[in-house]
Amino acid sequence: MTYISTRGIAPILGFEEAMMTGLARDGGLYVPDAVPVMGRDEIAALAGRPYEEVAFRVMRPFVGEAFDDATFSGLIEAAYSGFGHPARAPLKQVAPGGFLLELFHGPTLAFKDFAMQLIGQMFEAALKRSGRRLTVVGATSGDTGSAAIEAFRGMEAVDVFILYPHVRVSEVQRRQMTTPVESNVHALALHGDFDDCQARVKDMFNDLAFRDEVALAGVNSINWARVLAQVVYYVTAATSLGAPHREVDFCVPTGNFGDIFAGSIARRMGVPVGRLIAATNHNDVVARAIRDGEYRKGRVEPSRSPSMDIQVSSNFERALFEAYGRDGAAVKQLMDELKSADGFAISQGARQALSEVYGAGRASEAETLARIRRTRAETGELLCPHTAVGLEVAEGAAREGVPMVTLATAHPAKFPDAVEEATGERPPLPSRMADLYERPERVTRVDNDLSALQHLIRSRRTS
Ligand SMILES: *Cc1c(COP(=O)(O)O)cnc(C)c1O
């Protein structure tokens, strides 16, 4: 299998190179040239199988020559062995026809661990083989950074630099990034918001000389390997609820559109994913784009669900690429317009194509808190605020007779302030990380300045 850029110009790559590269050299995102379709019998055979086995079956064709079967299944086993639940992604019923897919049993308590733990394993295996070193640079609104640091800490061939907005992450998120003691871990608190962090990371990738000099690798949700790892839990959830014989809808708390886009891949693989509902907080650029056909970027307004506080939703480009019939030139034009005019209109045909797969809704801050409170009272479950946004939107989007699975993207203890505000209860951290608040922190403050950042990265690299 080969990978092509959504802007149609960058070189075509194999899986390993696409994974190591992250952002394509033309500024686009890599997507598979074709998505393999599974037969009904193949899908039916996955029902009730261990997560790791489903992961192997689903991802194998996308990985191609990069790893042989035995190696790849070993990497999958290692990736998920540190999860705190044997099902890895357990389903829990919270209403008639309404389910939560718990994606927060990994080491940093958010769904990002599913992809990042696997990427860590795959990077290490590939680098050991080639003797290369890499500098991983990522932007985070909190969860990506902690998951990346957890996945790469202590790896010999990788330095990991994570940029996060200096005041906008929760204390648990921050501590997960600043307390690892390994010298290859560099947490950078940037004066700015998440979009600034993401923009500087994109600038570094677009500076091709710098990119080659430090062997830059990206693990943001634009990395195809991350999207791929997230396809798996749509398949385990759908087959648990009756796929291939029954359709299942999903509601996905959405920021960068990576998680929900993974659902569209499961759908294209033949899993009967009905509708994918993008749930946003008041930073609703994606919800408006899907509903009104107009992508218009506003200002980031902080919310209680900070991992969705963004106005530039990178992976939406992948959805646009498909909706525009894989026309890279058309996508490039839209992205140029986004840069010069802060937005663009989606063509009629592309709007139609998007609406066949995606729906959208938003939840206000008050609705989010009320949903946390109500769910606690009705079911005993404590929700993280992102999951609450999802559940709130899911209720409005549910279809008669079609199960609706809301992705529970983080553990409530990762966002204890919002949960306490809603319910009066402060959710405790799982025991394996109970000492997080006592560990010493290590962080570097940085300005929102590209050349200063590049200088810092050059001088801090251990290679
Ligand atoms: C990253 C994140 C999201 C948004 O996911 P995207 O793939 O960026 O759309 C939602 N909830 C939580 C808890 C997250 O960490």
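The values are calculated or read from the model by the stated rules, or taken from the named source; none is laboratory data. Small disclaimer: the values here were computed from a predicted structure and weren't measured. Neighbour counts run over all protein chains shown; Cβ positions are idealised from the backbone, glycine included.
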The residue from Leu75, Leu101 that alone is within 22 Å of the chain's Cα centre (by Cα) and within 16 Å of the ligand (Cβ to nearest atom) is Leu101
(message) Against the condition of a type in the set (D, E, K, R) and at pLDDT 95 or above, how does Asp327 come out, does it pass?
(response) yes
With criteria (1) under 18 Å from Glu102 (Cβ atoms); (2) crowded, with 19+ Cβ neighbours inside 10 Å, Val446 comes up short on (1)
Note on Ala243: of the conditions (1) over 30 Å from Asn448 (Cβ atoms); (2) assigned to a helix (DSSP H, G or I); (3) touching a residue at least 40 places away in the same chain (Cβ under 8 Å); (4) among the aliphatic types (A, V, I, L, M), unmet is (2)
Counting only residues in the range 212-267 that are touching a Gly at 6+ places or on another chain (Cβ under 8 Å) and over 28 Å from Asp309 (Cα atoms), the one surrounded by the fewest Cβ atoms within 10 Å (Cβ to Cβ) is identified as Glu247
Filtering the range 418-443 down to residues that are in contact (Cβ under 8 Å) with a residue 60 or more places away in the chain, surrounded by 15 or more Cβ atoms within 10 Å (Cβ to Cβ) and either assigned to a loop (DSSP other than H, G, I, E, B) or in contact with a strand residue (DSSP E or B) (Cβ under 8 Å, 6 or more places away or on another chain) (or both) yields Leu429, Val443
Given (1) away from the ligand (no atom under 15 Å from the Cβ); (2) buried (at least 20 other Cβ atoms within 10 Å of the Cβ); (3) outside any helix (DSSP H, G or I), Arg399 misses just (2)
- Message: Yes or no: the range 322-341 includes at least one residue that is of a type in the set (Val, Ile, Thr), under 23 Å from Ile265 (Cα atoms) and part of a loop (DSSP other than H, G, I, E, B).
- Response: no
* Please verify whether the range 273-288 includes one or more residues that are out of contact with any Leu (no Cβ under 7 Å at 6 or more places or on another chain), away from the ligand (no atom under 16 Å from the Cβ) and either assigned to a helix (DSSP H, G or I) or touching a residue at least 60 places away in the same chain (Cβ under 8 Å) (or both). => yes
Taking the range 46-100 and keeping residues surrounded by 16 or more Cβ atoms within 10 Å (Cβ to Cβ) and in contact with a His (Cβ under 9 Å, 6 or more places away or on another chain) leaves Phe83, Arg88, Ala89, Pro90
Of Glu124, Glu156, the only residue that is part of a loop (DSSP other than H, G, I, E, B), surrounded by fewer than 22 Cβ atoms within 10 Å (Cβ to Cβ), away from the ligand (no atom under 16 Å from the Cβ) and not aliphatic (A, V, I, L, M) is Glu156
Taking the range 297-350 and the residues there that are among the hydroxyl-bearing types (Ser, Thr, Tyr) and touching an Asp or Glu at 6+ places or on another chain (Cβ under 6 Å), the one that is farthest from the ligand (Cβ to nearest atom) would be Ser303
Checked the range 196-215 for anything in a helix (DSSP H, G or I) and either closer than 16 Å to Thr140 by Cβ or acidic (Asp, Glu) (or both); matches are Asp196, Cys197, Gln198, Ala199, Arg200, Val201, Lys202, Asp203, Met204, Phe205, Asp212, Glu213
